[in-house]
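The values are calculated or read from the model by the stated rules, or taken from the named source; none is laboratory data. Fair warning: this is a prediction, and the values are worked out from it, not measured in the lab. Using ideal geometry, Cβ is built from the backbone for each residue, glycine included, and neighbour counts are taken over all protein chains shown. In case anyone asks, the SASA skips ligands and DNA or RNA and just uses the protein heavy atoms, side chains included. Shrake-Rupley method; radii C 1.70, N 1.55, O 1.52, S 1.80 Å.
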Amino acid sequence: SAVLAGLITLIVKTVPRHHHGKPPPDNYTLALHKALMFFNAQRSGKLPKHNNVSWRGNSCLRDGKSDPGTTMKDLVGGYYDAGDAIKFNFPASFAMTMLSWSVIEYSAKYEAAGELNHVKEIIKWGTDYLLKTFNNSADTIDKIAAQVGVGDTSGGSTTPNDHYCWMRPEDIDYPRPVYECHSCSDLAAEMAAALAAASIVFKDNKAYSQKLVHGARTVFQFARDQRGRYSAGGSDPALFYNSSSYWDEFVWGGAWLYYATGNSSYLQLATHPKLAKHAGAFWGGPDYGVLSWDNKLAGAQVLLSRLRLFLSPGYPYEEILSGLIQLNHGRPQPLQYVVNAAFLAALYSDYLDAADTPGWYCGPNFYSTDVLREFAKTQMDYILGKNPRKMSYVVGFGNHYPKHVHHRGASIPKNKIRYNCKGGWKWRDSKKPNPNTLVGAMVAGPDKHDGFHDVRTNYNYTEPTLAGNAGLVAALVALSGDKSTGIDKNTIFSAVPPMFPTPPPPPAPWKP
């Protein structure tokens with residue numbers, strides 16, 4: 001027996017041991033790291049030391065000051081929208097709302113990916129700038145800065161501006177006018193959504209969170225009092241980000257303010273049948289159910305369904321949710337709609353899992369949580385390269401991705417030569433790949449036949465946007481990592497009071 005024991009000991013000691021290390025990161029996590037870097041490349045103003053985009057520098061440090069017509073003199077910071085240097089506050093606010101939503105739901109996944117601090121820093125860069133665009137210390141305001149820079153080149157105009165010129169943002173020397181609006185309900189309510197959502201992200205930083213909530217209340221009140229679309233006919237925003245209505249932003253902004261404050265008047269507004277009707281909840285039509293920078297209705301429905309699933313609020317709130325997602329019907333720049341749909345599908349699947357619900361009916365059809373999640377995965381896998389062209393539409397991900405992205409900073413070398421307004425045209429029109437890689441940028445995408453032309457001058461294929469990349473980040477984090485790490489069920493409700501009145505205290509003990 002001693003020999004046998006010795007033999008067993010010898011075998012145990014000599015057999016190699018397999019240490020199970022962490023599994024390699026999945027594609028969604030790998031792409032998430034890159035997709036977040038796009039926001040670093042889009043920063044305007046004085047850059048932080050750790051910005052990690054070698055070809056970017058400080059830019060547009062006189063925004064606000066250089067326009068004698070505006071009272072808002074410090075509009076430095078924020079993000080450039082796309083391949084140009086315009087700061088469009090409407091889609092930028094939507095981008096910040098989407099990023100904040102993704103952090104509130106999936107902070108554990110961001111933490112696991114090592115990106116939580118980074119994404120919070122990205123959001124704060126955006127919200128710090130939004131707070132500069134109105135008098136954020138006041139309770140009532142009468143105007144907002146809606147845009148910095150202009151892009152109108154219609155009628156053959158040769159006035160230097162952010163679309164006529166092809167320059168690195170660091171070299172811009174032409175005027176950058178500020179567009180102010182005095183009745184801009186859609187923009188103001190979207191800004192309220194962004195600030196309110198971010199206030200939940202930063203709830204541990206009490207002073208900053210309260211500043212965001214105050215700003216959100218102020219701009220939302222302005223949105224309700226001074227009715228009108230921010231992109232009035234003939235204005236520069238109308239050419240590029242024309243808002244179709246402001247009713248969906250009222251629902252969306254109201255829902256986020258309810259979560260941020262717990263004030264039930266915001267919930268009553270956001271769920272009012274008349275508001276839903278105005279916002280198109282019962283219209284149908286080709287764009288019904290498509291979440292985008294212009295239409296927040298589908299997002300608001302999923303956001304409000306949280307109450308129904310987790311807090312059982314009872315009538316009338318249980319009638320809120322009614323639609324699944326459709327897409328972009330062959331129009332250009334489709335991927336931004338696809339990523340938003342994928343995010344909503346994955347998120348809603350996670351809501352149902354967290355509520356121990358196997359699926360949901362849409363009309364007579366039952367959709368299981370797995371079907372929703374698989375839909376989200378197929379969409380994102382397509383974008384990351386599982387498509388007929390075997391091409392990743394996220395720059396820097398995989399081996400085959402667009403090399404001629406429609407983007408001024410990425411297409412002009414950082415070579416100590418300052419190319420003026422027209423001097424940069426040679427880089428715009430060059431057939432060579434961009435000298436700088438715009439890591440993580442999701443381009444506009446293929447056409448409805450899966451065709452794609454990697455051509456710098458065709459922005460319908462090769463231009464990325466803030467709003468598109470925010471949806472990309474949200475969808476990637478939702479699908480990343482371990483599925484057992486679901487949503488954070490409670491953080492979003494931290495300001496929400498109990499839905500039912502507390503029961504009365506028990507009667508005093510009986511004394512004979």
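Filtered by the rule that a residue be in contact with a Lys or Arg (Cβ under 6 Å, 6 or more places away or on another chain), under 20 Å from Asn415 (Cα atoms) and surrounded by fewer than 17 Cβ atoms within 10 Å (Cβ to Cβ), the stretch 25-71 gives a lone residue, Asn58. When Ser199, Ser243 are checked against the criterion of being of a type in the set (S, T, N, Q) and in contact with a Phe, Trp or Tyr (Cβ under 7 Å, 6 or more places away or on another chain), a single residue qualifies: Ser243. For Asp139, the conditions (1) within 18 Å of Ala198 (Cβ to Cβ); (2) surrounded by fewer than 19 Cβ atoms within 10 Å (Cβ to Cβ) are fulfilled apart from (1).
Out of curiosity, is Tyr179 open to solvent by 20 Å² or more (accessible area, probe 1.4 Å), more than 19 Å from Leu99 (Cα to Cα) and aromatic (Phe, Trp, Tyr)? Break it down stepwise before answering.
Working: open to solvent by 20 Å² or more (accessible area, probe 1.4 Å): yes; more than 19 Å from Leu99 (Cα to Cα): yes; aromatic (Phe, Trp, Tyr): yes.
So Tyr179 fits the description; yes.
Return yes or no: is Pro506 in a loop (DSSP other than H, G, I, E, B) and at pLDDT below 95? For Pro506, the condition - in a loop (DSSP other than H, G, I, E, B) and at pLDDT below 95 - is met.
I'm checking my understanding of the structure. Among residues of the stretch 449-489 that are farther than 24 Å from His163 by Cβ and of a type in the set (Lys, Arg), which one is surrounded by the most Cβ atoms within 10 Å (Cβ to Cβ)? Filtering first and then ranking leaves Lys489. For the stretch 233-279, a residue qualifies if it is within 16 Å of Ala194 (Cβ to Cβ) and in contact with a strand residue (DSSP E or B) (Cβ under 6 Å, 6 or more places away or on another chain), and exactly one does: Tyr241. Out of all the residues in the stretch 323-330, is one or more of a type outside the set (Gly, Ala, Ser) and at pLDDT 90 or above? No, there is no match, as no residue in the stretch 323-330 is of a type outside the set (Gly, Ala, Ser) and at pLDDT 90 or above.
Here Lys274 meets each of (1) over 21 Å from Ser349 (Cα atoms); (2) more than 24 Å from the chain's Cα centre (by Cα); (3) in a loop (DSSP other than H, G, I, E, B) with one exception, condition (3). The residue of the stretch 277-302 that is farthest from the chain's Cα centre (by Cα), among those that are on the phi > 0 side of the Ramachandran plot and crowded, with 18+ Cβ neighbours inside 10 Å, is Gly280.
Test Ala495 against the stated conditions and say whether it is farther than 30 Å from Gly57 by Cα, within 24 Å of the chain's Cα centre (by Cα) and at pLDDT 95 or above. Yes: the conditions hold for Ala495. Apart from one condition, Thr140 fits all of (1) in a loop (DSSP other than H, G, I, E, B); (2) out of contact with any Phe, Trp or Tyr (no Cβ under 9 Å at 6 or more places or on another chain); the exception is (2).
Taking the numbered list (1) at negative phi; (2) in contact (Cβ under 8 Å) with a residue 60 or more places away in the chain; (3) of a type in the set (Gly, Ala, Ser) in turn, Gly149 passes all entries but (1).
Being open to solvent by 40 Å² or more (accessible area, probe 1.4 Å) and over 30 Å from Ser265 (Cα atoms) is the requirement here; does Pro497 meet it? Considered against the rule, which asks whether it is open to solvent by 40 Å² or more (accessible area, probe 1.4 Å) and over 30 Å from Ser265 (Cα atoms), Pro497 comes out as no.
Annotation note: Cβ proximity below 9 Å between a residue of the stretch 348-361 that is closer than 22 Å to Ser102 by Cβ and a residue that is open to solvent by less than 10 Å² (accessible area, probe 1.4 Å) and not in a helix (DSSP H, G or I) (sequence gap 6+ or interchain) occurs for Ser349/Gly359; Leu352/Gly359. Selection of the stretch 303-313 for residues being within 16 Å of His272 (Cα to Cα) and open to solvent by less than 30 Å² (accessible area, probe 1.4 Å) yields Leu303, Leu304, Ser305, Leu307, Pro313. Filtering Arg224, Arg229, Arg217 for residues that are part of a loop (DSSP other than H, G, I, E, B), modelled with pLDDT of 95 or more and in contact with a Leu (Cβ under 9 Å, 6 or more places away or on another chain) leaves a single hit, Arg229.
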